[in-house]
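Report on the following structure.
Coordinate-derived values only; no laboratory data. Computed from a prediction, not measured in an experiment: that's the story for all the values here. Don't worry about glycine lacking a Cβ; one is built from the backbone with ideal geometry, like all the others, and counts go over all protein chains shown.
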Amino acid sequence: MSREFYQEPLVSRYTSAEMQKIFSEQTKFETWRRCWIALAEGQHELGLDEIVTREMIDELKRFEKCINFDVAAQKEKEIRHDVMAHVYAYGKQCPVAEPIIHLGATSQFVGCNTDLILQRKALALIKKALVNVIANLVAFCRKHKNLATLGYTHYQPAQPTTVGKRHTLYIQDLLMDLDYLENLEKQFKARGVKGTVGTQATFMELFKDDHEKVRRLDLLVAKKLGFTDVFAVTGQTYTRKLDMKTAETLAGIGASAHKFAVDLRLLSNLKVQEEPFAKNQVGSSAMAYKRNPMRSERMTGLARKLMGLPANFAATFANQWFERTLDDSAIRRMDIPQAFLLTDAILKLYLNITSGMVVFPKQIERHMRMELPFMATEKILMACVEKGESRQEMHEIIKLHSLEAGKVVKEEGRDNDLLSRLGANPRIPFSAEELQAMVGTGREFSGRAEAQTEEYLTEVVEPRLSAYSSLLTGEMDAELKV
């Protein structure tokens, strides 16, 4: 790797080798050649065998993966057209087949079909990672389904929930993302063999106005490229609406990850839950004690970038003048790989974090002790009424002591002494010990959190995951480069 020039951090620091290979130059141009071979085979099989011979097709196949990049680069510098430069380079390797390479096609025959092939492969990687993150979270939820912890609204202490129940919320978001991804997968079809502006005019000439053969060619080439269907109509390109929806789906995964990462950063501040922290990891160059949630922070930053990309795709789609304009070319070269690489990087982090999150029950208990007496006041009030006391009088006494206890916590930094205060008041018909027993550990105030967690995992999530047993290999790389 040259250190004299800018290196894309998504490649050098954050993403998997598998995703990088999908969007590599080698894969792109091999796929172009695969498209040209499929076109030649289709033309040969549908009756143009005197023009497109078996000898030509065999020659094309011999050089499918042997890209002469230098020849193509030199030609592109001369003619300023990447597709024709690669047609020329391929022809130099295949002199017999040279006359029929790209026969009847426009540049977007290879451009669009290749984009669709590569994106579909990339979506399969995203799907695998997504499913494995969900599986990690399922295991975490089940382990901590009954560990009561403070809930928060407005980032202020609220009624208790459980650690497991909280994390079912992240699973639910990811299952929605999985739904959108699978709906998107159904939208992927080949651009097929459509000609310059989508009318198939050149192929009508080649097949002597035989509509049926041109239609068969369209579908035959698509099947050779691994698709079961084609876009019924196109301009010069497949509709960029698909790109827009792809970006939105990936950005949705980014938003789900962002929500999780920010929550984990807040939990880390409270010292109740943390991401994995390596033995020799350094949190701060100055403050040696720091355990910064750097993985969650990185996830937040990458997700922020990903969530901003759909606007570019929407603008590109909206600005496709009539059958096509070229202002989509440069931006799509950057944004399509980036959208997938960002999602890949985010899910690598999500996998890594969820494979080793640490929970601190004693610290959770400490936070609970500070807040539970306030949350138990309604229960205490009802118990006093059951003992024959006036609700209004008890409410006033509890309110006054609650305000004093809150003042002690905030202004003096001492523990919450509300139960001691109430137990010492002769009008309250319970001792401090009885009140403490009434408050318990917090689980009594967490409602159906534990049951909801078990029901959700058993009835909703695990049946869904059972359909992805082939993806749940346990071999997902959760290791990070840095």
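Annotations
- Neighbourhood charge, 12 Å Cβ-Cβ cut-off, centred on residue 179 and excluding it, Lys, Arg +1 and Asp, Glu -1: -1
- Each Lys or Arg adds one and each Asp or Glu takes one away; over the other residues whose Cβ falls under 14 Å from the Cβ of residue 51, this sums to -4.
- Mean residue ellipticity at 222 nm, helices only, the chain: -20000 deg cm²/dmol; runs of at least 4 DSSP H residues each add -39,500 (n - 2.57), and the sum is divided by the number of residues.
- Global form of the stretch 16-103, assessed from the alpha-carbon gyration tensor, a/c cut-off 1.5: oblate
- Residues of the stretch 427-448 with amide N under 17 Å of a point placed 7 Å along Cα→Cβ from residue 393: 427-431
- Cα-based helix-to-principal-axis angle, 377-386 vs the chain, degrees rounded to 10: 40
- The residues neighbouring residue 255, those whose beta-carbon lies less than 9 Å from its own, together hold a net charge of -1 under the Lys/Arg +1, Asp/Glu -1 convention.
- Order by protection proxy (mean Cβ within 10 Å, highest first), peptides 298-308, 446-456, 158-168, 393-403: 158-168, 298-308, 446-456, 393-403
- Share, in percent, of DSSP beta bridges within the chain that are antiparallel, nearest 5: 90
- Degrees between helix 163-187 axis and first principal axis of the chain (Cα, 0 to 90, nearest 10): 20
- Cβ-to-Cβ counts within 10 Å put 36, 321 in ascending order as 321, 36, the fewest first.
- The chain: relative contact order as a whole-number percent, Cα under 8 Å and 6+ apart: 19
- Note on the chain: with charges restricted to the Cβ of Lys and Arg (+1) and Asp and Glu (-1), its dipole about the Cα centre is near 780 debye.
- Remark: the Cα gyration tensor places the chain in the prolate category, a/c being 1.5 or greater and a/b exceeding b/c.
- Packing-based ranking, highest mean first, of 246-255, 408-417 given that Cβ atoms within 10 Å are counted: 246-255, 408-417
- The distance between label points at residue 70 and residue 7 comes to 2.5 nm (points 7 Å beyond Cα on the Cα→Cβ vector).
- Folded to 0 to 90 degrees: helix 69-79 orientation relative to the chain principal axis, Cα: 70
- Overall form of the stretch 323-362 per C-alpha gyration tensor (a/c, 1.5; a/b vs b/c): prolate
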